[in-house]
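Asks: Sending over a structure as structure tokens; questions will come in a sec.
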Amino acid sequence: MKKKFFASLMAMVMVFGLAACGGSSEPAAEGDTAEGGAGGKIGVSMPTQSLQRWNQDGSNMKAELEAAGYEVDLQYAGDNDIPTQVSQIENMIAGGCEVLVVAAIDGSSLTTALQGAAEKGIPVIAYDRLIMDSEAVSYYATFDNYKVGQMQGQYIVDALDLENAEGPFNIELVTGAPDDNNVNFFFGGAMDVLQPYIDSGKLVVPSGQTEKAQCATANWSTEEAQKRFENIISSVGYGPNGVKLDAVLCSNDSTSYGVQNALQAAGYTADNMPIITGQDCDKPNVKNIVSGLQSMSVFKDTRTLAEKVVGMVDAIMKGTEPEINDTETYDNGTGVIPSYLCDPVVVTVDNYKEMLIDSGYYTEADIA
Ligand code: GAL
């Protein structure tokens with residue numbers, strides 16, 4: 001076991017060119033490692049427990065890392081509290097974590113904290129969201145975020161039959177946290193699909209709010225999205241008996257839920273809801289897809305992402321090369337970060353059973 005530890009330590013030294021990795025790298029106890037895992041402590045920093053997906057990400061990561069023989073320090077940063085995330089990461093670095101896996105709240109707020117990781121030769125994997133302006137980031141694992149946006153935009157194009165229908169159609173736009181780098185890809189991907197129809201006049205945005213900053217929702221908050229949409233409804237005069245609203249682009253499920261609340265309060269029902277997009281397949285949203293309040297969501301199987309990241313951690317710990325499939329797309333300001341992009345899938349009422357229940361992601365009871 002000792003021999004194995006020193007072999008992996010030497011591999012780390014070779015890879016990162018530093019004399020030591022992590023603070024208290026104790027050899028893993030006999031029996032600690034399963035499936036040939038290298039052992040050692042891994043820090044996993046998640047942004048919030050208030051959204052379902054991050055709870056799933058955290059628990060999947062913990063379970064899979066432990067199954068691979070690692071000790072896991074899993075921390076959630078309150079409810080998207082940046083100072084909490086910074087101090088949790090500092091504690092992970094001081095506490096002997098040998099690799100950090102971080103889903104950043106604010107992609108640009110971790111530069112100083114992660115300098116400590118770089119100084120100690122602790123590799124950092126950006127999880128789902130890219131960490132900006134930090135040389136410490138070694139790898140990035142996520143879903144194809146641009147494709148997520150394109151899928152949402154294309155869903156609206158197809159549902160309104162924009163190629164053939166005369167229009168014009170009214171649409172409103174809702175995206176996520178401005179400090180989340182993913183928003184550039186979600187909103188950018190969707191707008192690349194929708195903009196030509198806006199330019200030609202087939203799609204109209206009656207609120208006039210088309211800039212990313214105007215469409216952003218702090219912390220991806222359901223309440224914030226609801227508030228903004230209530231204002232849009234009253235200022236434009238949308239309603240089942242008022243101005244017709246044909247579609248709402250929502251970058252994810254938490255914001256989509258807020259929009260649906262606002263629309264229901266304005267008298268909309270499953271029978272006359274506009275087309276509304278989402279992302280994550282959160283349970284309340286899947287229920288609304290089944291009942292007709294939401295049109296689609298983008299399914300990002302967090303089990304797949306966790307599996308890929310555990311594979312990355314394991315490769316790093318064993319001194320081998322992690323699997324990557326993109327070396328062009330994600331520049332964090334210090335250069336392009338080698339990435340693995342998982343595939344997102346469109347979920348609607350027609351395929352949710354196959355995608356979410358038959359795959360074992362949810363039980364029938366979860367979304368009943
Ligand atoms: C994004 C993430 C989405 C969604 C959102 C809100 O970064 O990619 O899946 O969950 O944050 O948490």
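The values are calculated or read from the model by the stated rules, or taken from the named source; none is laboratory data. It should be emphasised that the depicted structure is a prediction, and the values quoted were computed from it without experimental measurement. Positions of Cβ are generated from backbone atoms using ideal geometry, with glycine treated the same way; all protein chains shown enter the neighbour counts. Just the protein is used for accessible areas: all its heavy atoms, side chains included, with ligands, DNA and RNA removed. Shrake-Rupley method; radii C 1.70, N 1.55, O 1.52, S 1.80 Å.
Asks: Is it the case that segment 172-186 has a residue that's surrounded by 20 or more Cβ atoms within 10 Å (Cβ to Cβ), closer than 24 Å to Ile233 by Cα and more than 14 Å from the ligand (Cβ to nearest atom)? Break it down into steps so the answer makes sense when it comes.
Replies: Quick first cut of segment 172-186, residues surrounded by 20 or more Cβ atoms within 10 Å (Cβ to Cβ) only: 172-177, 180-183, 185-186.
Narrowing the set further to residues that are closer than 24 Å to Ile233 by Cα leaves 172-177, 183, 186.
Filter once more, so that each one left must be more than 14 Å from the ligand (Cβ to nearest atom): 172-173.
Yes, the conditions are met somewhere in segment 172-186.
Asks: Asn60: touching a helix residue (DSSP H, G or I) at 6+ places or on another chain (Cβ under 6 Å) and either closer than 25 Å to Leu341 by Cα or open to solvent by 10 Å² or more (accessible area, probe 1.4 Å) (or both), yes or no?
Replies: Numbers: touching a helix residue (DSSP H, G or I) at 6+ places or on another chain (Cβ under 6 Å): yes; either closer than 25 Å to Leu341 by Cα or open to solvent by 10 Å² or more (accessible area, probe 1.4 Å) (or both): yes.
Here the answer is yes, as Asn60 does meet what is asked.
Asks: Let me confirm something: among Ile125, Ile131, which residue is in contact (Cβ under 8 Å) with a residue 24 or more places away in the chain and part of a loop (DSSP other than H, G, I, E, B)?
Replies: Working: Ile125 fails: part of a loop (DSSP other than H, G, I, E, B).
The unique qualifying residue is Ile131.
Asks: Considering only segment 96-118, I want to know if a residue exists there that is open to solvent by less than 40 Å² (accessible area, probe 1.4 Å), over 21 Å from Ala306 (Cα atoms) and in contact with a Gly (Cβ under 7 Å, 6 or more places away or on another chain).
Replies: Yes: one or more hits.
Asks: Taking Gly333 as meeting all but one of (1) part of a loop (DSSP other than H, G, I, E, B); (2) at negative phi; (3) touching a residue at least 40 places away in the same chain (Cβ under 8 Å); (4) open to solvent by 60 Å² or more (accessible area, probe 1.4 Å), write down the number of the exception.
Replies: Single failed check for Gly333: (2).
Asks: While we're on this one: Kindly indicate which of Gly267, Gly319, Gly292 is free of Cβ contacts under 8 Å to residues at least 40 places away in the same chain and open to solvent by 10 Å² or more (accessible area, probe 1.4 Å). Reasoning before the result, please.
Replies: Details: Gly319 fails: free of Cβ contacts under 8 Å to residues at least 40 places away in the same chain; Gly292 fails: free of Cβ contacts under 8 Å to residues at least 40 places away in the same chain.
Just a single option satisfies the conditions, and that option is Gly267.
Asks: Return the residues of segment 34-53 that are open to solvent by 10 Å² or more (accessible area, probe 1.4 Å) and either within 14 Å of the ligand (Cβ to nearest atom) or among the β-branched types (Val, Ile, Thr) (or both); say none if nothing qualifies.
Replies: The initial filter retains those residues of segment 34-53 that are open to solvent by 10 Å² or more (accessible area, probe 1.4 Å), namely 34-36, 38, 40-41, 49-53.
The answer is Gln49, Ser50, Leu51, Gln52, Arg53.
Asks: Scan segment 38-52 for residues that are within 23 Å of Leu130 (Cβ to Cβ) and modelled with pLDDT under 95 and report the count. Even if it seems obvious, please write down each step before you answer.
Replies: So in segment 38-52, the residues within 23 Å of Leu130 (Cβ to Cβ) come out as 42-52.
Going one step further and asking which of them are modelled with pLDDT under 95, we end up with 50-52.
Residues that pass the stated criteria total 3.
Asks: Are there any pairs, at least 6 apart or on different chains, whose C-beta atoms fall under 7 Å, with the first in segment 136-160 and over 14 Å from Ile337 (Cα atoms) and of a type in the set (D, E, K, R) and the second open to solvent by less than 10 Å² (accessible area, probe 1.4 Å) and not in a loop (DSSP other than H, G, I, E, B), and if so, which?
Replies: Short answer, once both residue conditions are applied: Lys147/Gly189.
Asks: Restricting to segment 202-255, give me the number of residues that are within 16 Å of the ligand (Cβ to nearest atom) and in a loop (DSSP other than H, G, I, E, B).
Replies: 5
Asks: Looking at the structure I just gave you, is Ile125 buried (at least 24 other Cβ atoms within 10 Å of the Cβ) and more than 16 Å from Ser297 (Cα to Cα)?
Replies: Working: buried (at least 24 other Cβ atoms within 10 Å of the Cβ): yes; more than 16 Å from Ser297 (Cα to Cα): yes.
Yes, satisfied.
Asks: (1) open to solvent by less than 70 Å² (accessible area, probe 1.4 Å); (2) part of a helix (DSSP H, G or I): which one isn't true of Lys353, the others all being true?
Replies: Only one criterion in (1) open to solvent by less than 70 Å² (accessible area, probe 1.4 Å); (2) part of a helix (DSSP H, G or I) is unmet by Lys353, namely (1).
Asks: Can you tell me which of Met273, Met296 is more than 16 Å from Thr217 (Cα to Cα), touching a Ser or Thr at 6+ places or on another chain (Cβ under 6 Å) and more than 14 Å from the ligand (Cβ to nearest atom)? Steps first, answer last, please.
Replies: On the way: Met273 fails: touching a Ser or Thr at 6+ places or on another chain (Cβ under 6 Å).
None of the other options fit; the residue is Met296.
Asks: Which one is farthest from the ligand (Cβ to nearest atom) among residues in segment 99-118 that are touching a Leu at 6+ places or on another chain (Cβ under 9 Å) and either part of a helix (DSSP H, G or I) or not aliphatic (A, V, I, L, M) (or both)?
Replies: The initial filter retains those residues of segment 99-118 that are touching a Leu at 6+ places or on another chain (Cβ under 9 Å), namely 100-102, 104, 107, 114, 117.
From the residues that got through so far, the ones that are either part of a helix (DSSP H, G or I) or not aliphatic (A, V, I, L, M) (or both) too are 107, 114, 117.
Values: Gly107: 9, Leu114: 18, Ala117: 21 Å.
Looking at residues that are touching a Leu at 6+ places or on another chain (Cβ under 9 Å) and either part of a helix (DSSP H, G or I) or not aliphatic (A, V, I, L, M) (or both), I get Ala117.
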